[in-house]
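First comes the structure, then the notes that go with it.
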């Protein structure tokens, strides 16, 4: 008998005892909750399974999809709960905690993304038959799981500069990072074995359509009336296409065109085609705002409480206003190890990498002026804005996109391997009626 089996054997009588005690007290008013799976040192209860199955059914119904058979759905959801439970246990052992403030902020963010207030979000959940407190608990669990995955998976993933360069130079990289074009077409078809006269006739028709378009005719109407393409009834709309996926010379020609422009008729195997550029996205120059800023950070400590910390930074603020050198005070007092030796200078920095409180104060502070003392999660600050500029970061943006693509690919692969590993190494005993019994 292995250690995991002993743990479950110790756990089982405690669970049964708790259930019998609960039954004795509440038998008249509620049914007995049951254990549907033992997962290492924890359990999954029937009530948890029922609640999650209900949530999944609601989601499937909203999408209008077909509902799987109840037994199949129960087993799929239970397996998801087992893997979640294992991650939550890892989080518990690792000391990961979600504060009420963090949870409230997360709920607020979810509501905001759905263009709702928190009260409207609560009402929407109730309308869907979901309990707000249960939703908060689920959000909290997902936050813990996210942090567990960050520590166990994401932090181990490394992408080298060479990998980024290789990806950018590859056909796949060029395609994934190229701009996208929304196109429409009009095709004047030619038979497979067309005579020269038929080809000339088709060309004249295409040029006639082209001239009408140049004079302001509606592209969609002409596509319906004249195009032989299978999307003619949709006004010739081809949807979004990657520039790198288009055959030459269309890839280069369309990339250099302005939105709304049309191409001259071009011969293709199917006939003469005219393309209109409806919209572009991605691939454009990336301009980034940067701020040159310096700051002094003072942190509370066991020997300096919040009030004394605030008083110290206020004193430093007053001394700078009185004419003392900012850089010297930063070197002597700032507790930001990354900038203190440089006189508090953070150099040119992208505001998006800074915490919201720092970013907001920096945005409101005029160039060449000092901010009043303010607080962030790191402590108390005073900052000075030295300059602002917009820089072309197209190349950096492409490198960052490539980095993100490669990291996501590695993360997805590593996450699935890790989830499979923790599932295989865990003791799991499934007690759901009709399910296969599994124990490791």
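Only one residue in 338, 323 is over 30 Å from residue 257 (Cα atoms), without any contact (Cβ under 8 Å) to a residue 40 or more places away in the chain, over 33 Å from the mean Cα position of the chain (by Cα) and not in a helix (DSSP H, G or I). Which one? Talk me through it step by step, then tell me what you get.
Working: 338 fails: over 33 Å from the mean Cα position of the chain (by Cα).
Matching residue, one of 338, 323: 323.
Restrict the check to the range 199-211 and report whether at least one residue is under 30 Å from residue 404 (Cα atoms) and in contact with a strand residue (DSSP E or B) (Cβ under 8 Å, 6 or more places away or on another chain).
We begin by selecting, within the range 199-211, every residue under 30 Å from residue 404 (Cα atoms); these are none.
Scanning the range 199-211 turns up no residue that is under 30 Å from residue 404 (Cα atoms) and in contact with a strand residue (DSSP E or B) (Cβ under 8 Å, 6 or more places away or on another chain).
Restricting attention to the range 325-337, report how many residues are surrounded by fewer than 19 Cβ atoms within 10 Å (Cβ to Cβ) and closer than 18 Å to residue 386 by Cα.
As a first pass, look at the range 325-337 and keep what is surrounded by fewer than 19 Cβ atoms within 10 Å (Cβ to Cβ): 325, 327-328, 331-333, 335, 337.
Next cut, closer than 18 Å to residue 386 by Cα only: 325, 327-328, 331.
Counting residues in the range 325-337 that are surrounded by fewer than 19 Cβ atoms within 10 Å (Cβ to Cβ) and closer than 18 Å to residue 386 by Cα gives 4.
Quick one: is residue 178 over 30 Å from residue 48 (Cα atoms), assigned by TED's automatic domain parsing to the domain that holds residue 258 and surrounded by 14 or more Cβ atoms within 10 Å (Cβ to Cβ)?
Considered against the rule, which asks whether it is over 30 Å from residue 48 (Cα atoms), assigned by TED's automatic domain parsing to the domain that holds residue 258 and surrounded by 14 or more Cβ atoms within 10 Å (Cβ to Cβ), residue 178 comes out as yes.
Which one of these does residue 308 not meet: (1) touching a residue at least 12 places away in the same chain (Cβ under 8 Å); (2) farther than 27 Å from residue 288 by Cβ?
Failing condition for residue 308: (1).
Quick check, is residue 90 closer than 25 Å to residue 423 by Cβ and surrounded by 11 or more Cβ atoms within 10 Å (Cβ to Cβ)?
Values: closer than 25 Å to residue 423 by Cβ: yes; surrounded by 11 or more Cβ atoms within 10 Å (Cβ to Cβ): yes.
Yes, satisfied.
If we scan the range 256-279, do we find a residue that is within 24 Å of residue 173 (Cα to Cα) and modelled with pLDDT under 85? Let's see the steps before the verdict.
Going through the range 256-279, the residues within 24 Å of residue 173 (Cα to Cα) turn out to be 256-257, 277, 279.
Keeping just the survivors that are modelled with pLDDT under 85 gives 256.
Yes, the range 256-279 has at least one match.
The values are calculated or read from the model by the stated rules, or taken from the named source; none is laboratory data. Computed from a predicted structure; not experimentally measured. In this analysis, Cβ positions are derived from the backbone assuming ideal geometry, glycine residues included, and neighbour counts consider all displayed protein chains.
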